[in-house]
1. Using unit Cβ charges (K, R positive; D, E negative) and no other charged atoms, how large, in debye to the nearest 20, is the dipole of chain B about its Cα centre?
2. Quick check: Cα centre of region B:39-117 to Cα centre of region A:24-67, how many Å?
3. Which lysines, if any, have their Cα less than 20 Å from the Cα of A:K42, not counting same-chain residues under 8 positions apart?
4. If the viscosity is 0.890 mPa s and the temperature 25 °C, what Stokes-Einstein diffusion coefficient in µm²/s follows for the protein assembly as shown when Rh is the Kirkwood radius over Cα pairs?
5. Between A:G41 and residues 5 or more places away or on another chain, which pairs have amide H atoms under 5 Å apart, with H built 1.01 Å from N, and which residues are they?
6. Could you work out, residue by residue across B:98-110, how many beta carbons of other chains sit within 10 Å of that residue's beta carbon, and then give the average as an integer?
7. Could you give the size of the charge dipole of region A:4-110 about its Cα centre, using +1 on the Cβ of each K and R and -1 on the Cβ of each D and E, expressed in debye and rounded to the nearest 20?
8. Can you list, largest first and rounded to whole Å, the semi-axes you get for region A:4-110 by taking the square root of 5 times each eigenvalue of its Cα gyration tensor?
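Bear in mind these aren't lab numbers, they're just calculated from the coordinates by the rules spelled out. The structure presented is a predicted model; accordingly, all values stated were derived computationally and were not measured. For neighbour counting, all protein chains shown are included, and Cβ atoms are generated from backbone atoms with ideal geometry for every residue, glycine included.
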Amino acid sequence: GESVGLHLPTLSVQEGDNSIINCAYSNSASDYFIWYKQESGKGPQFIIDIRSNMDKRQGQRVTVLLNKTVKHLSLQIAATQPGDSAVYFCAEAGGSYIPTFGRGTSLIVHP
Amino acid sequence: EAQVTQNPRYLITVTGKKLTVTCSQNMNHEYMSWYRQDPGLGLRQIYYSMNVEVTDKGDVPEGYKVSRKEKRNFPLILESPSPNQTSLYFCASSLGDRGVIGRDTQYFGPGTRLTVL
């Protein structure tokens, strides 16, 4: 498959555990944030988004938390499954149509 | 099936030989964009288009051209490719409702691996 990054931070978890992936952003003006999942050999896939007037948003097995005070975003995945193994990255947008993407975190789920 | 398609998926070429990577979406999306993905750098936007005949530069537009003559197609053109344009390229599309929950989701194509020798 395609390699999407070298020396990415890696999170290893056991199947069934909860996973927390973190992302720090730098632009205080960013008002919209998105989490993507990228499996080997595929394009990024939207997971969940959140606006800056929210602290938390939940989807199916995923929760995004936003802490604007420390410019921190996290993605929580409940009951992690082997199919969740992928690179996860956040993106921020602040008033323009040019989003800024993080480098990503590699999630490895062990059966 | 709603999707973004790119062609070719893999391309090896030589410096200076003009090439075009096609991108097409079947979701009637107004917003389309091109990204390149390089190890350690993440995704960087090359160009984007808000609608037909409306295009704008992203973060790394040098050496690239785009056109948007039809809503569904957004080709990426490299007039004179150079080795530093060796990368993994992604096309994406969305409804373009900037920052609106659920309406700014970008759908990405499968990627085009370009090698310029």
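1. On the way: 14 positive and 11 negative charges, 57 e Å.
Around 280 debye, computed over chain B.
2. With region B:39-117 and region A:24-67 each reduced to a Cα centre, they are spaced 21 Å.
3. Leaving aside lysines fewer than 8 places away in the same chain, none come within reach of A:K42.
4. Working: Rh = 18.1 Å.
Translational D for this selection: 136 µm²/s.
5. Counting only residues 5 or more places away or on other chains, the set is A:E2.
6. On the way: counts 6, 12, 3, 7, 3, 1, 8, 7, 8, 4, 7, 3, 4.
The per-residue average across the peptide is 6.
7. Values: 9 positive and 8 negative charges, 40 e Å.
Magnitude of the dipole: close to 200 debye.
8. Values: eigenvalues 102, 48, 27 Å².
Gyration-tensor ellipsoid for region A:4-110: 23, 15, 12 Å.
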